[in-house]
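Novice: Have a look at the structure that comes next, please.
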Amino acid sequence: MDAVKPEIRELLKQTPTMPATVIAERIGWERGLTILKERVRELLPAYLPVDPVSRTVYQAGKLAQCDLWFPPVDIPFGYGQPDRAPVLFVVSAYSRVITDRMPSRRPAT
């Protein structure tokens, strides 16, 4: 099988949807088709184009989107001094839970 592997790869590169029976004819395969079909099945995903309608699968705790929002309102911070503090929004891709946080006091600069 290793001797014909480059030929199989070349045929799959040219035509990824070529059936294993046609590949067997083109490379002159004289042994059982089961072994060849298994090898083609292993090599095929590397040559198939990406499915344009595939769905993204999100796993819990793996992905979140974080955004900063600066509200157009002055908020009083310590000693009545107004300032505009950012609001941090976090959205989980898995559960779509939204949480937000606004700092209670300004960090030291």
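Novice: In this structure, is Tyr79 on the phi > 0 side of the Ramachandran plot and either surrounded by 10 or more Cβ atoms within 10 Å (Cβ to Cβ) or in a loop (DSSP other than H, G, I, E, B) (or both)? Show your work before the answer.
Specialist: Details: on the phi > 0 side of the Ramachandran plot: yes; either surrounded by 10 or more Cβ atoms within 10 Å (Cβ to Cβ) or in a loop (DSSP other than H, G, I, E, B) (or both): yes.
Yes.
Novice: Could you give every pair whose Cβ atoms fall below 8 Å, whose first residue belongs to the stretch 12-29 and is not assigned by TED's automatic domain parsing to the domain that holds Glu42 and of a type in the set (S, T, N, Q), and whose second residue is crowded, with 17+ Cβ neighbours inside 10 Å and not in a loop (DSSP other than H, G, I, E, B), counting only separations of at least 6 or pairs across chains?
Specialist: Filtered contacts from the stretch 12-29: no entries.
Novice: Follow-up. What pairs come out if I take residues in the stretch 76-95 that are free of Cβ contacts under 8 Å to residues at least 12 places away in the same chain and more than 22 Å from Val57 (Cα to Cα) and pair them with residues that are of a type in the set (D, E, K, R) and loosely packed, with under 14 Cβ neighbours inside 10 Å whose C-beta lies under 6 Å away, six or more apart or interchain?
Specialist: Hits for this filter: Pro82/Asp74.
Novice: In contact with a Lys or Arg (Cβ under 9 Å, 6 or more places away or on another chain) and surrounded by 10 or more Cβ atoms within 10 Å (Cβ to Cβ): is that true of Tyr58 in this structure? Even if it seems obvious, please write down each step before you answer.
Specialist: Details: in contact with a Lys or Arg (Cβ under 9 Å, 6 or more places away or on another chain): no; surrounded by 10 or more Cβ atoms within 10 Å (Cβ to Cβ): yes.
No; evaluated as a whole, the condition is false for this residue.
Novice: Name the residues in the stretch 61-74 that are of a type outside the set (Asp, Glu), in a loop (DSSP other than H, G, I, E, B) and surrounded by 10 or more Cβ atoms within 10 Å (Cβ to Cβ), would you? Show your work before the answer.
Specialist: To start, the set of residues in the stretch 61-74 that are of a type outside the set (Asp, Glu) comprises 61-66, 68-73.
Narrowing the set further to residues that are in a loop (DSSP other than H, G, I, E, B) leaves 61-63, 70-73.
Selection gives Gly61, Lys62, Leu63, Pro71.
The values are calculated or read from the model by the stated rules, or taken from the named source; none is laboratory data. Computed from a prediction, not measured in an experiment: that's the story for all the values here. Ideal geometry is used to build each Cβ from the backbone, glycine not excepted, and the neighbour counts take in all protein chains shown.
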